[in-house]
Structures are given as C-alpha cells and as structure tokens.
1. For region 350-361, what are the residues that are touching a residue at least 60 places away in the same chain (Cβ under 8 Å) and surrounded by fewer than 24 Cβ atoms within 10 Å (Cβ to Cβ)?
2. Name every residue in region 377-392 that is among the acidic types (Asp, Glu) and modelled with pLDDT under 95, in order of residue number.
3. Considering Arg217, Arg208, which residue is within 30 Å of Val368 (Cβ to Cβ) and under 24 Å from the mean Cα position of the chain (by Cα)?
4. Might you check whether a residue that is surrounded by 14 or more Cβ atoms within 10 Å (Cβ to Cβ), of a type in the set (S, T, N, Q) and under 20 Å from the mean Cα position of the chain (by Cα) occurs anywhere in region 369-387?
5. Scan region 245-268 and give yes if some residue there is closer than 26 Å to Met137 by Cβ and of a type in the set (Ser, Thr, Tyr), otherwise no.
6. Only one of these conditions is not met by Gln155: (1) more than 16 Å from the chain's Cα centre (by Cα); (2) more than 21 Å from Lys189 (Cα to Cα). Which number is it?
7. For region 34-55: of the residues being at pLDDT below 95 and in a helix (DSSP H, G or I), which is nearest to the chain's Cα centre (by Cα)?
8. Looking only at region 267-289, filter to residues that are touching a helix residue (DSSP H, G or I) at 6+ places or on another chain (Cβ under 7 Å) and under 26 Å from Pro179 (Cα atoms); which one of those is surrounded by the fewest Cβ atoms within 10 Å (Cβ to Cβ)?
Amino acid sequence: MDFAYDARTEDLRHKLLAFMDEHVYPAEAVAHEQRARLASPWDTPPVVEELKAEARRQGLWNLFLPDSEYGAGLTNLQYAPLAEITGRSPQLAPTALNCAAPDTGNMEVLAQFGDEQQRKQWLQPLLAGEIRSAFAMTEPEVASSDATNITTHIQRASDGTDDYVITGRKWYISGAMSPDCRIFIVMGKTDPDGSDIRRQQSMVLVPRDTPGVEVRRAMQVYGYEDHYHGGHAEVVFDHARVPVSNLIGEEGGGFAIAQARLGPGRIHHCMRLIGMAERAIELMCRRAVSRTAFGKPLAQQGVVHNWIADARVAVEQLRLLVLKTAWMMDTVGNKGAHSEIQAIKIATPRTVVDIIDKAVQLHGAGGVSQDFPLAELWAAARTLRLADGPDEVHQRSLARREIKQYL
C-alpha cells in the first residue's frame with residue numbers, strides 16, 4: 001500500500017487548498033449574512049453560486065465520481081485527501097465542488113444503474129449543478145436501520161395504465177427542502193410478500209412536482225435545519241403516480257442498489273470527517289495560544305496538552321484506516337472492502353465527535369455559539385453515527401464476519 005499522493009492528486013490538493021483559503025473560508029460569514037436576507041431560508045445564498053462558478057472554472061468539479069465519462073475519474077485513494085479538505089468547511093465546500101450528499105450518491109446511482117433517458121433527463125443537470133436531488137429511504141414508522149422494514153408501496157396501477165402508484169411516508173430526506181430539488185429517488189416495496197426479503201424493494205424516480213408528493217415539514221438536527229444542504233424533510237407520497245419507465249434497474253433490485261450507493265457514501269463521509277477534526281484541532285491550538293486562565297496561557301495547561309495530543313494521534317490513525325479502505329475499494333471492490341468500510345464508519349464519527357467536543361470545551365461559551373463553527377460541526381459529526389447505518393448495525397455485521405472465521 002502506497003499512500004503517497006500522485007502528481008494529479010498533488011496538483012488538485014494545491015488548487016483546492018488555495019481555493020479554500022481564497023474563496024471558501026471568507027465566504028462562510030458572507031453566506032451567513034446573505035441567508036438572513038433571503039426571502040426563504042431554503043434559497044441559496046448568492047455567494048454559493050459564485051463559489052460553484054469559480055470551482056468549475058478551476059477544474060474542481062465533480063471530483064467524487066470515479067467514472068471519467070461523467071466525473072473527474074479519480075480513484076477513491078486520489079479523492080480521499082481532497083474530500084478531507086472540503087470537510088474543513090462542510091456547509092460550503094462540498095456544495096461548491098458539486099460533491100455534496102445526497103446528490104453525490106444519487107449521481108452514482110444514475111451513472112451506474114440508470115438507463116440512457118434517465119441519465120439524460122436527471123444525471124446531466126445534476127452533474128452541471130443546475131438542480132439538486134433527494135434520496136427517500138428512511139421512514140418514521142419502522143426501524144430503518146434494517147432496510148427490509150420499509151413499508152412504502154410501489155404498486156402497478158390497477159387501471160391498466162403503465163404506471164406505478166407510490167404510497168408511503170418518509171423522513172429525514174436530505175435535500176428535499178431546497179427549491180432546487182427536482183427529483184427523488186424513492187425506495188419502496190414492489191413485492192412486499194416475496195419470499196426473498198432482499199428482493200422485495202425497488203427504486204423509482206419521482207419528480208418533486210408529481211401530484212401526490214407532499215414535502216410536509218423540515219426536520220431539525222440538534223436544532224439545526226441544515227439549510228446549505230437543502231434541509232431534511234418529512235415527505236408523504238399519497239398515491240403518487242409515475243411511469244414504469246422511471247424504475248431504476250429492475251424490480252427487486254432496490255436493496256442491492258442501496259448497498260452499492262451506501263459504500264462510497266460512507267467513505268466520503270469519513271473522509272470529510274477527518275477534515276472536520278483537523279479544523280477542530282486548528283481552532284483548539286489557536287484558542288490555546290490566545291487565551292489566559294489562572295495566570296498562564298491555556299497552551300500551558302496540562303489537560304489542554306492531553307486533548308491536543310490525543311486528537312492528533314486519533315486523526316492520524318483514522319486517516320490511515322480511511323486510506324487503506326479507499327485503496328481496497330480501488331483494488332478489490334466495495335464488496336472486498338466491506339469490513340474496512342464498516343470499521344471506518346464505526347471509528348471515524350465517534351472519534352471525531354470526541355475531538356470536536358474537546359474543542360468546544362476549550363472555547364467555553366464561544367464553543368456552543370454561532371461565532372465559531374464548532375457547534376455545527378459537532379451536530380454534523382454526531383448525526384453521522386446514525387446516517388448510513390448506526391454504529392451498532394455496523395458493529396453487529398463486522399463482528400459476525402470476524403466470528404464466522406472460527407465456526
């Protein structure tokens with residue numbers, strides 16, 4: 001395993017670091033001020049569109065997509081240090097580069113499983129950053145950590161038309177509050193009584209303006225509405241009808257598509273989390289050398305030394321594990337890297353939560369305020385212990401794989 005950056009990655013890193021310094025960090029306060037003056041909190045601040053235009057001009061666009069026909073053609077190992085950099089400003093940087101969830105996962109699904117018409121109608125405008133999208137899987141009435149529990153029905157119309165009728169209720173549907181969100185990828189059951197519980201589900205494309213689709217309310221995450229990512233919504237599908245041609249892949253293929261989608265999504269989250277931790281460490285160090293308590297700088301307090309040292313060790317360990325996982329995904333595929341993907345999904349969010357928590361503590365009241373990004377970083381990191389599967393599901397699966405060797 002050689003984790004040295006190749007020439008292309010090094011070039012993109014230098015460009016991206018400069019882009020962050022010159023454009024993204026200064027835009028954080030600007031975006032906050034602009035949002036306060038918008039007609040709707042879900043509208044996009046003008047500075048975000050300016051960032052997108054500049055990123056595209058510099059060739060920092062669609063870096064996440066390994067398919068060179070549609071994206072930058074980078075491997076997971078090449079993309080890892082770039083995603084880490086964007087994690088330092090998770091509200092702005094991923095969106096500026098058109099590398100923000102849930103659009104990234106949806107574009108991957110369309111590129112891999114969509115037909116020519118679906119890619120033309122939905123993938124192309126997503127790649128261009130002209131629209132946003134949402135992925136509708138999680139439901140409030142069931143334990144959605146087990147995707148086989150999903151109850152949304154996708155049934156053939158009974159009136160002889162070549163349509164699906166979709167009925168169900170979803171929540172925490174990321175991106176759905178944005179007025180730019182034009183398309184949902186909806187997971188539901190086309191064969192709820194099928195003998196194979198992993199072949200009961202399918203995925204269909206449902207335009208937002210379809211009659212019977214109601215974006216009911218915004219869901220908060222620790223009090224945040226996550227405006228930059230288009231929020232998280234409760235969405236009701238009340239006999240919403242779409243053509244059967246909106247099916248992605250084949251009937252019964254939804255569970256497999258979901259698994260294919262979530263593998264890259266999980267490692268992308270972990271890559272960005274390392275960037276979040278790095279920013280927290282930077283803020284801790286700056287705070288420690290600028291504040292005095294009980295007669296000496298915080299930087300001379302033993303407990304602060306411990307926090308910073310432990311954070312540095314933890315980040316270096318996590319980065320190596322993420323890079324190993326990226327390398328394995330590139331060399332043996334997502335299935336071959338299954339255990340490693342689970343390991344980083346367990347280790348990274350909970351470790352980064354602890355690092356950010358120490359940074360909050362060091363900042364005192366400022367740490368929980370809007371004057372620093374730490375509170376919002378903490379909420380985002382803590383949420384990722386649930387998103388794309390809670391810790392306990394990954395622990396269960398990883399442990400079973402380990403034990404299986406001894407049976």
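The values are calculated or read from the model by the stated rules, or taken from the named source; none is laboratory data. Computed from a predicted structure; not experimentally measured. Cβ atoms come from the backbone with ideal geometry, glycine included; neighbour counts cover every protein chain shown.
1. From region 350-361, those touching a residue at least 60 places away in the same chain (Cβ under 8 Å) are 351-352, 355-356, 358-359; that's our starting set.
Scanning region 350-361 gives Thr351, Lys358.
2. In the first step, residues of region 377-392 are kept if they are among the acidic types (Asp, Glu); the result is 388, 391-392.
Passing the criteria: only Asp388.
3. Values: Arg208 fails: within 30 Å of Val368 (Cβ to Cβ).
Criteria check complete, one pass: Arg217.
4. Filtering region 369-387 down to residues surrounded by 14 or more Cβ atoms within 10 Å (Cβ to Cβ) leaves 372-387.
When the remaining residues are screened for being of a type in the set (S, T, N, Q), the result is 383.
Pick out the ones that are also under 20 Å from the mean Cα position of the chain (by Cα) and you get 383.
Yes, there is a match, as at least one residue in region 369-387 is surrounded by 14 or more Cβ atoms within 10 Å (Cβ to Cβ), of a type in the set (S, T, N, Q) and under 20 Å from the mean Cα position of the chain (by Cα).
5. In the first step, residues of region 245-268 are kept if they are closer than 26 Å to Met137 by Cβ; the result is 245-268.
Filter again for of a type in the set (Ser, Thr, Tyr), leaving 245.
Within region 245-268 (the criterion being closer than 26 Å to Met137 by Cβ and of a type in the set (Ser, Thr, Tyr)), the answer is yes, since at least one residue qualifies.
6. Every listed condition holds for Gln155 apart from (2).
7. Here the answer is Arg35.
8. That would be His268.
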